[in-house]
Structures are given as C-alpha cells and as structure tokens.
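Encoded as structure tokens, the structure appears first; notes follow it.
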Amino acid sequence: MSSKLGIKDLTSIEDLTTEQVWKIFRLAENIKLETFAGKRHHFLEGQTLGMLFQKPSTRTRISFEVGMTQLGGHAIYLGWNDVQLGRGETVPDFARVVSRYLDGIMARVFAHEHIIQLAEASRVPVINGLSDLLHPCQGLTDLFTMWEKLGSLDGKKLVFVGDGDNNVTHSLLNACTKLGVDIAVGCPKGFEPRNEFVSRASEAVNVTITNDPDEAVAGADAIYTDVWVSMGKDEERAKRLKAFAPYQVNAALVAKAKKGAIVMHCLPAHREEELTSEVMDSPISVVVDQAENRLHVQKAVMALLMGR
Ligand code: CP
Ligand code: NVA
C-alpha cells in the first residue's frame, strides 16, 4: 500500500528522503497555522488509530490521540498487558489481526525489532512512537522546531549533551543527516551513539562525537539533552548518575554555545539532573513549544500516511 508520502510505515527517519521530510514539515506548518486560525482538517474522518504502549507516555499518547480527533478520526489506547500480547500472542499475529480493524498503528515498545515485525505484518501504516533504538517522531519534531525557532536550518549546528547511546540521540543523528544540519554529541565514554548512525551521518554532515561537553557545545545553535536514565534502564541508575554528572546542561555550559542558542529537551525532564531549572525555565528554553510541535508534526505524518 502506498501513501501520500510514498511509503507505508514510519519506523525510522531513515525511511524518509529529504524531500519527504520537507513535505511533512510544510504540511505541519500549514496545519499548525490554520488550526490556530480556526480551520478544521478532517483528513482522516471515520478512521481509527490503534496506539500500542509497552512503556509509559505523556506527550506521545496525548498528542497522537488529540491529533486523530482533530483530523476527524479516533484513537484507541492499547496497553501491551491489556491486549493478548502480554499473555504471549506474537507481535505478527497481533498486527495481522488488528490491521483488519484499524487504519493505522502507532507503537511504543522496548525492542525495535517489534516495530519492524509490526510493520511487516500490518496491512496499515505503522508509526514508531519510540523504541529502545529510535524515536523518529521526536527527531522530526525537533528539527521542525529548530527550523521554526532559528528561521532556517542552513549552516546550523545541533549539540546533544548526555546519553549518546539512546533513542533520541539516534533519531537526531538521522534527522540531521536528512536536513543537512551539523551535529555534535558530548557524552561519557561507553555512552557514544551507535556507529551505524554516526557513520551514515558523517557521510552527509559534520559530526563530532566527543567526551568533552565544552568542546561539543562550541558553536552550537541548539543544545539538546535527554534523561540520563531512559525507560527500561532503571537498574543502571546509580552508575549513570555518576557517569553523566559532568554533562549537565546548566548556565555555565550554555554560556559556551553560540549567542542566541536555544535549549531543547524531548521531555520528561529530570530537573537538576541533565538540565537545571535555571536553564529549563529561562527564555532560551523552547521545551514546551517543542512538545507542542509533536502534535502538529504527527498530524502531518498521519495525514500523509493514512489519508486517502
Ligand atoms: N517525548 C516523549 O516522547 O514524551 P512521552 O514519553 O511523555 O511520550
Ligand atoms: N530516552 C528517553 C526518551 C523519553 C521520551 C527514554 O527512552 O526514556
């Protein structure tokens, strides 16, 4: 099944061409402006999105559900342990059946392989709402937000400070690759991003991976951080808090970035761990606008993948 975007699923930003990313951004920008002007976009009237969650969520759950309502459709929450997956039904069996009822599936899972299995077995579009490996809707929204806040992405540099080996960092690397944005990652030894994403990004843009946070933030137009203990990593908490302590995004670190740099975070934040309240609540922080943009960007993604 082909869509208005030309692909069936969004499992990774690597599924998209640069042109497809811009198609999403332009539609998201239009939808955002027109929604504020009171226009309705019932592109998905009568359609239903199934939202499968194996992990908790605030933003993803609410923005997808509200997005479906605003597009004239409906969304249903499917907790992993509320459906038969929790009792051993296989992911492909689940996908084959529920895609006979649903018009789209958004899934948040631990194993990225489960996103791939869902996409392979489902008749309808599958959208990755976060796996241990990737968070593509977040990465797309983040570059959309940079574009909106900085006016252009040309010659810009995004700097991620903290856990380099996580879903958000990987999707930021992928997004920067598609959009020609330079990226630096400042992280402790042993927490560097996966080489597959670094090497593909290095072919397209300037990539710096360093253990020195000061070196990373030099020349930054946007400084980004994420929690030090991602969902599912709780048993490593003590080790991580120690390793990441020198990588806190605070006023002293931000002062080393470019003048006018913005501060970003996918949220939820652990205040005074990866990000101080002083910075998070300051005028250079765009975290709440960034969270809002999840709604606009995902509406564009759903309209393009599910729209008839
Ligand atoms: N950023 C993000 O995905 O937030 P939630 O975990 O609240 O969905
Ligand atoms: N890296 C974080 C992102 C949360 C939106 C996690 O996986 O918990």
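FYI, it's all coordinate maths here, none of it is from the lab. It should be emphasised that the depicted structure is a prediction, and the values quoted were computed from it without experimental measurement. Because the Cβ atoms are built from the backbone with ideal geometry, glycine has one as well, and the counts that use them run over all protein chains shown.
Summary of computed values
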read-out	value
Nearest-0.05 FRET efficiency for Glu89 and Ser2, computed from C-beta distance (R0 30 Å)	0.55
Using alpha-carbon coordinates, inclination of helix 287-306 to the longest axis of the chain, degrees	30 degrees
Over the stretch 182-260, equivalent-ellipsoid semi-axes from the Cα gyration tensor in Å	22, 18, 10
Cα Rg, Dmax, the stretch 129-268, angstrom units	13.7, 41
Acute angle (nearest 10 degrees) that the helix 136-150 long axis makes with the longest principal axis of the chain, alpha-carbon atoms	60 degrees
Estimated dipole of the stretch 143-210 in Debye, rounded to 20 [Cβ of Lys and Arg +1, of Asp and Glu -1, Cα centre]	80 debye
5 angstrom amide H check on Leu78, placed H, neighbours 5+ away	Met51, Leu52, Phe53
Charge dipole (debye, nearest 20) of the stretch 1-129; +1 at Cβ of Lys and Arg, -1 at Cβ of Asp and Glu	300 debye
Given charges at Cβ of Lys, Arg, Asp, Glu: the stretch 1-69 dipole, positive-most of Gln20, Ile7, Leu52	Leu52
Helix 195-204 vs. the chain, principal-axis angle (Cα, 0 to 90°, nearest 10)	80 degrees
Qualifying GluC sites (Glu not before Pro) for the stretch 88-137 [loop in DSSP, other Cβ within 10 Å: at most 14]	Glu89
Sequence-distant residues sharing a close amide H with Leu10 (under 5 Å, placed H)	Val126, Ile127, Asn128
Of Lys55/Lys156; Lys178/Lys259; Lys55/Lys189; Lys256/Lys299; Lys157/Lys189; Lys32/Lys157, pairs whose Cα-Cα distance is over 30 Å	Lys55/Lys156; Lys256/Lys299
Simple Cβ-charge dipole of the stretch 196-261, Lys/Arg +1 and Asp/Glu -1, about Cα centre, in debye nearest 20	220 debye
Distant alpha-carbon pairs in the stretch 223-287 (separation over 16 angstrom), percent	43 percent
Residues in the stretch 99-120 reached by a label modelled at Arg200 [backbone nitrogen below 17 Å; 7 Å Cα→Cβ]	112-117, 119-120
Zone of Arg308's modelled label, taken as backbone nitrogen in the stretch 1-23 under 16 Å from a point 7 Å along Cα→Cβ	1-4
Calculated diffusion of the chain, Stokes-Einstein form, Kirkwood radius summed over Cα pairs, 25 °C and 0.890 mPa s, µm²/s	126 µm²/s
Three-way shape call for the stretch 97-208 based on the alpha-carbon gyration tensor, with the a/c threshold at 1.5	prolate
Cut-off 11 Å between beta-carbons: net charge of the residues surrounding Gly46, Lys and Arg +1, Asp and Glu -1	-1
Virtual spin-label span in nm between Arg26 and Thr58, 7 Å along Cα→Cβ	3.5 nm
Convex hull (Cα only) mean projected area of the stretch 1-95, reported in nm² to one decimal	7.5 nm²
Cα centroid of the stretch 22-75 to Cα centroid of the stretch 120-171, whole Å	17 Å
